[in-house]
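One structure below.
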Amino acid sequence: MRKEENRKLTVLDLPVGDIVEAGTAVTFHTGSWRSQRPVWDKDKCIHCLTCWISCPDSSIKIAPDEKKTTVVTGIDYDHCKGCGICASECPVKIRAITMEQEKK
Ligand code: SF4
Ligand code: SF4
């Protein structure tokens, strides 16, 4: 790595008179931080999509089924950081997502 790349960035490095690009986790895996993982039970799931709406990392995977209804298809473990919001927001009588200890 060049010496120039190691220097500390300052406010002077920001573009002048420009809109800074929004941050995104698409290019790195937040899943590596996880200590617990959500486990989805497809047989219990009623596809209410509450977990999908609630996930702060867009890690609930959805897709249209054969009737063109949007359904949950799984969890993106590359980006899920294990916050547990999906599990706590899944309707109490259903509990189709449970949190389990991450196996490293
Ligand atoms: S909140 Fe629970 S029941 Fe609703 S779609 Fe998600 S996993 Fe399925
Ligand atoms: S544990 Fe958190 S980050 Fe992972 S799928 Fe659930 S809500 Fe999203």
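The values are calculated or read from the model by the stated rules, or taken from the named source; none is laboratory data. This one's a predicted model, so the numbers in the text were calculated from it and none came from an experiment. A quick note on method: Cβ atoms are made from the backbone with ideal geometry, for glycine too, and the neighbour counts reach across all protein chains shown. These area figures cover heavy atoms from the full protein model, side chains too; ligands, DNA and RNA do not enter into them. Shrake-Rupley method; radii C 1.70, N 1.55, O 1.52, S 1.80 Å.
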Scanning the range 70-104 for residues that are more than 9 Å from ligand 2 (Cβ to nearest atom), closer than 17 Å to residue 43 by Cα and outside any strand (DSSP E or B), the one farthest from the chain's Cα centre (by Cα) turns out to be 93
Based on what the data block shows, is residue 32 of a type outside the set (Phe, Trp, Tyr), open to solvent by 40 Å² or more (accessible area, probe 1.4 Å) and in a helix (DSSP H, G or I)?
yes
For the range 15-26, check the following and say yes or no: at least one residue is open to solvent by less than 70 Å² (accessible area, probe 1.4 Å) and not in a loop (DSSP other than H, G, I, E, B).
no
The conditions are (1) in a helix (DSSP H, G or I); (2) in contact with a Pro (Cβ under 7 Å, 6 or more places away or on another chain), and residue 51 fails exactly one of them. Which is it?
(2)
Somewhere in the range 60-73, is a residue near ligand 1 (Cβ under 10 Å from one of its atoms) and either touching a residue at least 40 places away in the same chain (Cβ under 8 Å) or of a type in the set (Gly, Ala, Ser) (or both)?
no
Where residue 44 falls short, out of the listed (1) under 17 Å from the mean Cα position of the chain (by Cα); (2) loosely packed, with under 15 Cβ neighbours inside 10 Å; (3) within 16 Å of ligand 1 (Cβ to nearest atom)
(1)
